[in-house]
Amino acid sequence: HLSQVATQAYEDARETIRGFLGAKSINEIIFTSGTTGGINLVASTWGRKFVKEGDEILISAMEHHSNIVPWQMLCEESGAKLKVIPMSQDGELIMSGFENLLTDKTKIVAVNHISNSLGTINPVEEIIEKAHSKGAVVLIDGAQAVSHMPLNMVELDADFYVFSAHKLFGPTGAGVLYGKEDLLNAMPPYQG
């Protein structure tokens, strides 16, 4: 009985997060150890399966270390190239620089929604639209945004969105990876 109650509470929490994020299905909600854990999960599974030598990964100059190092490791392992979207003196992404870096070789764009150090709110809707037009997927680090703005994954159209529970006054050591269901289903297991 207690295991059934615990399982139901776990699934109810998944439904709460689904509603909070405006996701289509609870199958798009993965519990992780935090933002870093979610990014590493995507880099280690989706990345290892779909990023090959000669491919490109784009991040921005204002990323938290947790949204840099996993991509550096993936590039070292796969032979892909890491490119960095430049930032202006005002602390904003230079979108013309992003457009120049974005090519048919770009496999994934990983940027923060709001910078943890500058407070810059990035134009993620535009980034997602432009990346999708080149066939790239987009991971958004939402750690700073999740408690400050309403989110709707269907409208945003991000492929992956990650955040930590403690940013929402939840427990430490827990987080969420939102992923479009078809992308999650295409990913190999992360850990055995």
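The values are calculated or read from the model by the stated rules, or taken from the named source; none is laboratory data. For clarity, every value in this text was computed on a predicted model and none was experimentally measured. A quick note on method: Cβ atoms are made from the backbone with ideal geometry, for glycine too, and the neighbour counts reach across all protein chains shown. With ligands, DNA and RNA removed, areas are computed over all heavy atoms of the protein, side chains included. Shrake-Rupley method; radii C 1.70, N 1.55, O 1.52, S 1.80 Å.
Pairs of alpha-carbon atoms within less than 8 angstrom and 6+ residues apart define the contacts here; what relative contact order does the chain have, in percent?
Working: 342 pairs, mean separation 51.3, N = 192.
Relative contact order, the chain: 27 percent.
Mean residue ellipticity at 222 nm, helices only, the chain: -9500 deg cm²/dmol; runs of at least 4 DSSP H residues each add -39,500 (n - 2.57), and the sum is divided by the number of residues.
Bridgeable lysines around Lys105 (alpha carbons under 17 Å apart, same-chain partners fewer than 8 residues away excluded): Lys49, Lys52, Lys81, Lys83, Lys130, Lys134.
In units of 2.2 N^0.38 Å, what is the alpha-carbon radius of gyration of the chain?
Numbers: Rg = 16.4 Å, N = 192, 2.2 N^0.38 = 16.2 Å.
Ratio of Cα Rg to 2.2 N^0.38 Å: 1.01.
In the stretch 57-114, taking the dipole from charged Cβ atoms about the Cα centre, the farthest positive-side position among Leu74, Leu102, Ser60 is held by Leu74.
Counting GluC sites (Glu not before Pro) as exposed when in a DSSP loop with at most 16 other beta carbons within 10 Å, what is the longest stretch of the chain free of them?
With GluC sites (Glu not before Pro) excluded where exposed in loops, the chain gives 93-192 as its longest stretch.
Across the stretch 181-192, rounded Karplus estimates of 3J(HN,Hα) from the backbone phi angles (6.51 cos²θ - 1.76 cosθ + 1.60, θ = phi - 60°) give 4, 5, 5, 4, 5, 7, 8, x, x, 7, 9, x Hz, Gly and Pro being marked x.
Please sort through the DSSP H helices of the chain and keep those with an alpha-carbon extent of at least 18 Å along the long axis and a Kyte-Doolittle average not below -1.0.
Numbers: long enough: 2-21 (29 Å, -0.30).
Helices meeting the span and hydropathy rule in the chain are 2-21.
Rounded to the nearest 10 square angstrom, Ser3 shows an accessible area of 80 square angstrom against a 1.4 Å probe. Debye sum, Cα scatterers, the stretch 18-110, no solvent: what log₁₀ I/I(0) at q = 0.11, 0.24, 0.25 1/Å? One equal scatterer on each Cα of the stretch 18-110 leads to -0.37, -1.16, -1.19.
Based only on the alpha carbon positions, what is the Kirkwood hydrodynamic radius of the stretch 123-192, in angstrom? Intermediate values should be presented prior to the final figure.
On the way: mean 1/r = 0.0753 Å⁻¹.
One decimal place: 13.3 Å for the Kirkwood radius.
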